[in-house]
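The numbers here are math on the coordinates, done by the rules we state, and not lab data. Everything quoted here is computed from the prediction, not taken from an experiment. Cβ coordinates were reconstructed from backbone atoms using ideal geometry, including for glycine residues, and neighbour counts include every protein chain displayed.
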Amino acid sequence: MEKQLLTKKIANRKSASLFIGLFLCGVFSLFSQEIILNKVVTESTLCNQFDVTLTVIGDPPPIAQEVVLVIDRSGSMGYDIPNDPNESIDYAKDAASAFVNNLFLPANNPTGANRVAVVSYSTSATLDIGLTGAAGKQAILDAIDDLVASGGTNIAGGLDVADTHLTNAGNFNCETARSILLLTDGVTNRRLNGVTTCSSNPTGPFPANNTACMNDAINEGIGAQTTTVLGEVYNQTIFSVGLFGGIDNSDGQIPATFTLDQIQNGGLYTTENAADLTAIYNQILGQLAFAAKDAIVTDMLGTGFQLVPGSISLPLEATYNNGTNTITWDLGNVSNETLTLEYTIEAFGMDSCGIQNSGMSQMTYENSECDPEVMPFPNPQVCVPCPVISDPTLDQIDCTNEVNYSATFNPGTCTPFSVAFEWEFFLDNVSVGTVAGTTMGDLSGTFVYTGGGSFDGDFRAELTYTGTYNNNCNLPPVMVDSNIQVYVPPTAPVSGGDQAECAAQPTIQTLTAMANVLPNQSVVWYDMPQNGNVVNPILNTIGSVTYYAETVDSISGCSSTSRTPVTLTLYNCAITIEKSATPDDPNNCNPVAPNESIAYTFTVTNQGDVAITGVEVNDPLIDPINPIPGPDSGDATNPGVLDVGEVWTYTASYTVTQADIVNGQVLNTATVDGSVTGSSASFNVNDDDSETVVLCQNAEISITKASTSATGNCINFEENDIIAYTFEVTNEGDVDITNVVVTDPVLGGVIAGPANGDINNDNILNVGEVWYYTANYAVTQEDVDNGSVVNIAEVNGNTALGAVNDPSNQVTVLICQAGDIALVKTNDQIPGQGNCVDLSEGDTVTYTFTVTNEGNLSIDNVVVTDPLAGLSAIAGPSGDTGADGILGLMEVWTYTATYVVTQADVDAGQITNQASVNGLAMNPANTPVSDLSGSTTTTDDATVIPICQNPAIAIVKTHNQNPTGGNNCIDLTVGQDIEYTFTVTNAGNVSLSAISVIDPLPGLSTITFVGGDADNDMELDLNETWVYTATYTVTQQDIDLGTITNQATATGTPPFGANVNDLSGSTASTDDPTIIEICTNLAIAIVKAASYDDGGDCSDPGELINYTFTVTNQGNVSLSNVVVTDPLLGGVVAGPDSGDTDGD
């Protein structure tokens, strides 16, 4: 869709950062010199980074130019431009004409060999004028001026015509450059053939959604970039110019720009203002000649240098290979222009310190003489500052808060403009001071810690160097550090505590004084608080001694300024306890029930030589928290103090629990504790005594099983009906039972549960607990066959006394049994009209016997019989799903048999029979079951196939006469005999008896049976033909009639119903009379004689003449109405006088 031109915007896409053109009288100049390379490296703001600028200046030599102007003359080029009297086509022609005029100026045509061709396109493309030199400039301008806008946009066609013409007419040598300058105002919408159209507003993305027209144009453009002539490939330059003022940016500019960009290899120029075309064409004019072709610049960076990521100024044309450390700049063709690439490199590692080569740059290209050439860039050196600073040296002065520090500095090859040092000191990573300076003397000194805390721990010094170099670039800070441990005098040891113990007997133990110090410190023991002797701080005799501990730091060697005293004391002390129980039979178990008590007595005695205070007797079994109250007796003097030799008595009782009985005993230990009080310390004395009371045990479990279905009477259960069971499990003993498992093999094994009864939910059947389980059982057919479900459950468990188990009572659920079988017999015959079946002798009937189990017992030994004579063997069954010969309740067994219909069946009008089935129910009694077949499972009616009966008889009557005359008649004479034959057949489907043949023809002899009753049963069977004969004598009357016509009747009696008859005919299916055509010969003769009454032989006047007329029948038929006439005699002659013998 064409749009109004937008505001002016000119875009040029080419791999150049600067275009230089020389105008002579307002015209671009094409030629001067060829290639100049330059490389500049300067320090960046960071001292280890360098900005690199590569410059390529092209100055092409004078060569001939052959240019094909491909101009869009589609209809949209003629649209009005708002506020402008001109149209786009006008500007296109003006720009093209200006281009031609400039190209042929002497300054731009020094060889005089420049040529221009014009190709224009709309729906199709035309070569408006071929390559023409300066002499034909006016013809070129006329061809341009004649362009008229109309039609579609076929860019592919325009490029194809231009490429073809250049290939056929161009000069292919190194002294000639060939170019195509393409102009369009929108999206191509015609394919190369000029017929197929495409959308003018395709939607992206591209190239995925390229139209076929776009692909055609791109393919033609790429193809035109090279041309092969005589086996050698030549390059051609294509410039694309888009005039987009008439299309919307979102509709057409994107696909149009994409297409033009894919076509060009010399530059893409776009504008929305048609008036810009002349400037664009002039700019392209300056790009036609090349100083270098296929130019590639490479810069292999020096060792220790790498590219600063993202610093390349032309990322589309230049790339960096990290593996080879090389920058590659693809310039393509270099025309009259200056191209610049900028990027930044940085030094890393010591390999790049000092004076270094930043890289080796060169350009590889094809020069103006079409020879390959490699030209190096100047490669300047750079200085990379690499100052070296030693790690600081630190030394603590004795164990004080002062540290000496120092370091060395080497500025390296690159001399700095300024230096600066800063020391920062840290104690345990916390800054505690700084020192700064700008001279070499500031690299050493003494640090004095003035902080409030202790000066010990990790002491670290950081030295940071900063400086400026060359053009005042700032060197990144260089930092070194070192650390040492600093110390203060250690504190005195921490006492391990004064020790006071009762001396062990018989060998007295050794007490060792203890004191604690920090890691990397040790303790030295003395016998005096100050000075004194170093001693081994032990005590192994009864008495008391004090030792003194001093700290020594193993790292710094410093000692604590004070000592810590520790006192050791050994006493001779002893206490005992004896525990007894009631009851306590040492030879038998003690029958103590749960909740009954055992009485205990505790006797405590001081057997040492020092009084004991704070005496406590504890028995955790009796009271796990509180001591046993008391004593009840024995504390005679010094209340609360167990004096030497005193005996105290305590009493308590314990209530026996179920757990105790499970354990089989009550075992508990009593302890006595007290404190011995001396001159400076007190300590614990203790003793213990255990007592075991053996308890009597009994482990027993019981199970009771029940079912609401166990009524004693049978229940009408069917397969998969549910029987509900309950199980009651009771702990009948006095020990708990674990791992209780109820099993019932009939119910599948382990019964889940319990459903309830586990009061404390601990899965332990406690004494007295009753657990309840429930389970359901799905009745099987086998159960129904057996007539009952009988099962016994069992419970098992574990106790401290061993395993326990108990079988349940037997539960019997009776199932009502009803054995029944049914047989349904069907056939494959379907009655039709009249509710009967058309069957004939020899037809086959298939019977199906369907046997089902109508009871609730499985049935075996199933046998189907059918007494019908002639029935085939009964085949089957199918439907025995288990293939086990057992008729299950859900099974349907099918048998089949066939029967061939007899004539007797047809005569009987039906086939009637009834089958039976027998079997044995699979209950314990093997009850016989049987059934007569019927039309349903509940009926026993015979299977009847009504056969349609169609009694019919046919008679054909023939004779032994054959026509002799041409009139198909028979020459018969009176008295001649005719023999008739009567052929009688059975035309129905039933036998016929009492056959009779009657023919009413008068004079016919008796009809005689000749034969045909093959089986002599006096019945006309379907396959029999009976023959009768009779004779007839021809009469004159027959001849007179000319025919003998008669018709016989055959009559027969079927097995059922009225007699059947048939009139004879010429065929069995016709009832036409039998007619014998007699040939007739009609002939009469008359003889007339005369006599005179006088007997003479002549007459006299008045004499009577007697005439005699003799009339005879000369034919073979009688003649009537015989009339003799004689006009002489007055007409009719009366008569006859004689001869009518019969008077008829």
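Would you compute, for the Cα atoms of segment 111-198, the largest minus smallest coordinate along each principal axis and list the three values in descending order, in whole Å?
Projected onto the principal axes, the Cα atoms of segment 111-198 cover 44, 27, 19 Å.
Order of Val740, Val790 from fewest to most other C-beta atoms within 10 Å?
Val790, Val740
Mind giving me the nanometre distance, one decimal, between the label points for Ala778 and Ala942, set 7 Å out from Cα along Cα→Cβ?
The modelled label-to-label distance comes out at 4.7 nm.
Report the full-extension gain for the segment Ala724 to Leu1119: residue separation times 0.36 nm, less the Cα-Cα distance, to one decimal in nm.
Fully extending the segment from Ala724 to Leu1119 adds 130.3 nm.
Eight or more residues apart or on different chains, and alpha-carbon atoms under 25 Å: count the Lys pairs in the chain matching that.
8
What's the extension gain from Glu794 to Asp1040 if we count 0.36 nm per residue and subtract their Cα-Cα distance?
Residue separation times 0.36 nm, minus the Cα-Cα distance, leaves 76.3 nm.
Fewest first, what order do Lys93, Lys957, Lys1088 take by the number of other Cβ atoms within 10 Å?
Lys1088, Lys93, Lys957
Label points 7 Å out from Cα along the Cβ direction at Ala279 and Asp688: separation in nm?
10.8 nm
What are the extents of the Cα atoms of segment 288-432 along their three principal axes, in Å, largest first?
Sorted largest first, the three principal extents are 85, 27, 27 Å.
Please give the calculated 222 nm ellipticity per residue for the chain, where each DSSP H segment of at least 4 residues contributes -39500 (n - 2.57) and the sum is spread over every residue; nearest 500 deg cm²/dmol?
Rounded to the nearest 500, it is -2500 deg cm²/dmol.
Between Gln362 and Glu175, what FRET efficiency follows from the Cβ-Cβ distance if R0 is 35 Å, with the result rounded to 0.05?
Approximately 0.85, to the nearest 0.05.
Which translational diffusion coefficient, to the nearest whole µm²/s, is obtained for the chain from the Stokes-Einstein equation, given a Kirkwood hydrodynamic radius over C-alpha pairs, 4 °C and 1.567 mPa s?
The estimated diffusion coefficient comes to 25 µm²/s.
Calculated FRET efficiency, Thr1141 and Leu1001, Cβ-Cβ r, R0 35 Å, to nearest 0.05?
Efficiency at R0 = 35 Å is approximately 0.85.
Any idea what the alpha-carbon Rg over 2.2 N^0.38 Å comes to for segment 646-729?
Ratio of Cα Rg to 2.2 N^0.38 Å: 2.56.
Multiply the residue gap between Ala873 and Thr326 by 0.36 nm, knock off their C-alpha separation, and tell me the result in nm, one decimal place.
Taking 0.36 nm per residue and subtracting the Cα distance, the gain is 186.9 nm.
Testing the spin-label approximation: label points 7 Å from Cα along Cα→Cβ at Asp1013 and Asn663. State their distance in nm.
The modelled label-to-label distance comes out at 12.2 nm.
Farthest toward the dipole's positive end in the chain, which of Tyr650, Pro946, Asn760, given Cβ charges of +1 (Lys, Arg) and -1 (Asp, Glu) about the Cα centre?
Toward the positive end, the furthest listed residue is Tyr650.
Starting from the alpha-carbon convex hull of segment 637-789, give the projected area averaged over all orientations, in nm².
15.3 nm²
For segment 935-973, list residues with backbone N below 17 Å from a point placed 7 Å from the Cα of Val892 toward its Cβ?
Those under the cut-off are 935-939.
First measure r as the distance between the Cβ atoms of Thr393 and Asn531, then evaluate 1/(1 + (r/R0)^6) with R0 = 35 Å and state the FRET efficiency to the nearest 0.05.
E between Thr393 and Asn531, to the nearest 0.05, is 0.35.
For the modelled label position 7 Å from the Cα of Asn483 along Cα-to-Cβ, which residues of segment 380-405 have backbone nitrogen atoms closer than 15 Å?
Once the point is set 7 Å along Cα→Cβ of Asn483, 392, 394 turn out to lie under 15 Å by backbone N, inside segment 380-405.
Along the charge dipole of the chain, which of Gly879, Ser788, Asn587 sits closest to the positive end, that is, farthest toward it, with unit charges on the beta carbon of Lys, Arg, Asp and Glu (+1, +1, -1, -1)?
Asn587
May I ask you to sort Leu141, Leu183 by Cβ crowding, counting other Cβ atoms within 10 Å and putting the fewest first?
Leu141, Leu183
Cα-based Rg of segment 701-814 per 2.2 N^0.38 Å, rounded to two decimals?
Expressed relative to 2.2 N^0.38 Å, the Cα Rg reads 1.14.
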